[in-house]
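Have a look at the structure below before the remarks.
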Amino acid sequence: MKGKSRLGKRLFITGTGTDVGKTFISGLIVKKLLESGAKTAYFKAAMSGNDVGRDGRLIPGDAVAIQRLSGTTQSLESMCPFVYKNAVSPHLAARWEGRPFDLDVAERCLNRLCEEYDYVVIEGAGGIVCPIRYDDVERLLLVDLIQKWGTPCLLVADSGLGTINSATLTAWALAARRVSLRGVIFNRWTGDPMQEDNALMCERLAETRVIAKVAEDATTLDLDLERLTDCFL
């Protein structure tokens, strides 16, 4: 329709659990897209475990890391609407701090980014069963957000021992919820024989592709740009 604005494409970066490198990989993705000339934004609906700045306001640590990794000039305020101090699951941090997650607020923030940018990289918290809000008003897991927003996923997994189980179970759970998994990215890759076998077994058992293998000190994402952009919807 003539005059209708084109919304930016979105991709959800989830992980097999906490501390597998979702922020690191998200930063490299944002960087690659920015370097290609594409207007690219980062979004994380709820972020817990943050420090208090000198002005008394919480500093969204993952958003700061994205700025550092990617070189983006996107404002921290637009990256994350719900920032919590306590380093626990967002639903618990929200309960302790008296600021429950509001899906409508998060969606409005995300939609604004989609109106302004070509691509929006959405990072999840923890794994897909991480509770974002869980009270008498609403019960939301991370996978519920992925489903509600109709967003395909990339799955970040640690390359080491145990990843066959965690990556495959996550892939199966996403399939059960009819979420499109566009591939797995192995983080902290060294290329030793066990890791090579982990990648092979994940592809066979999870029925998906390991599309990138990223070393811990990587500064770029070794993934074809067209293949990356094809992951977005």
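Here A93 meets each of (1) under 17 Å from the mean Cα position of the chain (by Cα); (2) crowded, with 19+ Cβ neighbours inside 10 Å with one exception, condition (1).
I'm trying to understand the selection: among the residues of segment 45-57, which are out of contact with any helix residue (DSSP H, G or I) (no Cβ under 6 Å at 6 or more places or on another chain) and crowded, with 16+ Cβ neighbours inside 10 Å?
Result: G49, single match.
For the condition assigned to a helix (DSSP H, G or I) and surrounded by 19 or more Cβ atoms within 10 Å (Cβ to Cβ), L11 does not qualify. Taking segment 190-222 as the range and being hydrophobic (A, V, I, L, M, F, W, C), in contact with a helix residue (DSSP H, G or I) (Cβ under 6 Å, 6 or more places away or on another chain) and either surrounded by fewer than 19 Cβ atoms within 10 Å (Cβ to Cβ) or outside any strand (DSSP E or B) (or both) as the test, the residues that pass are M201, C202, L205, A206, L221.
The residues of segment 109-141 that are of a type outside the set (A, V, I, L, M, F, W, C) and crowded, with 18+ Cβ neighbours inside 10 Å, listed by number, are Y117, D118, Y119, E123, G124, G126, G127, P131, R133, Y134. Within segment 142-160, restricting attention to residues that are farther than 13 Å from G15 by Cβ and hydrophobic (A, V, I, L, M, F, W, C), the residue that is surrounded by the most Cβ atoms within 10 Å (Cβ to Cβ) is L145.
Pairs linking a residue in segment 62-91 that is closer than 20 Å to L142 by Cβ to a residue that is of a type in the set (F, W, Y), with Cβ atoms under 6 Å and 6 or more positions apart or on different chains, are I66/Y42; M79/Y42; F82/F101; N86/W96; H91/Y134.
Counting only helices (runs of 4 or more DSSP H) that sit wholly inside segment 48-157, not one has at least 2 residues that are at pLDDT below 95. Considering segment 165-179, and only residues there that are touching a helix residue (DSSP H, G or I) at 6+ places or on another chain (Cβ under 8 Å) and either part of a loop (DSSP other than H, G, I, E, B) or hydrophobic (A, V, I, L, M, F, W, C) (or both), the residue that is surrounded by the fewest Cβ atoms within 10 Å (Cβ to Cβ) turns out to be R178.
Just to check your reading of the model, which residue among V20, V30 is of a type in the set (A, V, I, L, M), crowded, with 24+ Cβ neighbours inside 10 Å and in a loop (DSSP other than H, G, I, E, B)? On inspection, the qualifying residue turns out to be V20.
The values are calculated or read from the model by the stated rules, or taken from the named source; none is laboratory data. It should be emphasised that the depicted structure is a prediction, and the values quoted were computed from it without experimental measurement. Methodologically, a virtual Cβ is constructed for each residue, glycine included, from the backbone with ideal geometry; neighbour enumeration extends over all protein chains shown.
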